[in-house]
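Data block below; observations after.
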Amino acid sequence: MTKLKTINDALAGLTDGMTIMVGGFLGTGCPEALVDEIIRRGVRNLTLIANDTAMPDRGYGRLFAAGQIKRVVCSYMGLNPTAIAQKLEGAIDVELAPQGTLAERIRAGGSGLGGVLTPTGVGTIVEEGKMKIEMGGRVYLVELPLRADVALINASLADHTGNLVYRKSARNFNPLMAMAADYVVAQASRVQPIGEIDPDHVMTPGVVVDAVVEVS
């Protein structure tokens, strides 16, 4: 059964207040067409989980300019003055996490783990409000897993069952996020028939992908 859908049908269930993960690294590897559709639908009070806040005119950074984000979990905000201003004004809640910690929390969410232990952030403001465990004479923070209602993924190639291939650095957070959401939509530059992708080249298996949108 094909998972190929129109962008309208693929995101028909998007509603206010959802938590969304969006792949990308400063916009590289971001599913721009899916972000366009979020903006068009005007859904609000979203929690965004992403590596960063991109830029005001690029990628998921445009969601801040559109006033659709209520809370963001990310590792970096420095290139989006709109998001920074909203944080300083108290218009959005921000949870900053070291980049590696953020990636592992998403991985834990996708793997069904209860969290991860990391020494990163011990003795800094990162540890505030978090459980600490000492093992082998070293202190670790307990970082809880991250999951989302919806993950928006960008692939270079897909087939009709949702098997995905990414291109170079655009791979970044996309495979992790595809594992950590209840509903996964992949934007692909090219969609091929079943069997056309070499199984050894598949980076995200179709079993975790719910919808594929072809965007040339």
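The values are calculated or read from the model by the stated rules, or taken from the named source; none is laboratory data. As the structure is a prediction and not an experimental result, all values here were calculated from the model. Cβ coordinates were reconstructed from backbone atoms using ideal geometry, including for glycine residues, and neighbour counts include every protein chain displayed.
Considering the conditions (1) hydrophobic (A, V, I, L, M, F, W, C); (2) closer than 30 Å to Glu127 by Cβ; (3) assigned to a loop (DSSP other than H, G, I, E, B), Ala151 is excluded by exactly one of them, (3). Pairing each residue of region 34-45 that is in a helix (DSSP H, G or I) with any residue that is at pLDDT below 95, provided the two are 6+ apart or on different chains, yields C-beta distances under 8 Å for Val35/Gly59. Annotation note: Cβ proximity below 6 Å between a residue of region 148-166 that is β-branched (Val, Ile, Thr) and a residue that is buried (at least 21 other Cβ atoms within 10 Å of the Cβ) and part of a strand (DSSP E or B) (sequence gap 6+ or interchain) occurs for Val150/Ile20; Val150/Ala181; Ile153/Ala186.
Would you be able to say whether some residue in region 192-206 is touching a helix residue (DSSP H, G or I) at 6+ places or on another chain (Cβ under 7 Å), in contact (Cβ under 8 Å) with a residue 24 or more places away in the chain and either surrounded by 20 or more Cβ atoms within 10 Å (Cβ to Cβ) or in a helix (DSSP H, G or I) (or both)? Among the residues of region 192-206, at least one is touching a helix residue (DSSP H, G or I) at 6+ places or on another chain (Cβ under 7 Å), in contact (Cβ under 8 Å) with a residue 24 or more places away in the chain and either surrounded by 20 or more Cβ atoms within 10 Å (Cβ to Cβ) or in a helix (DSSP H, G or I) (or both), which makes the answer yes.
Counting residues in region 92-104 that are in a helix (DSSP H, G or I), over 30 Å from Ser216 (Cα atoms) and at pLDDT below 95 gives zero. Within region 162-184, the set of residues being under 24 Å from Thr101 (Cα atoms) and either assigned to a strand (DSSP E or B) or among the hydrophobic types (A, V, I, L, M, F, W, C) (or both) comprises Ala170, Phe173, Leu176, Met177, Ala178, Met179, Ala180, Ala181, Asp182, Tyr183, Val184.
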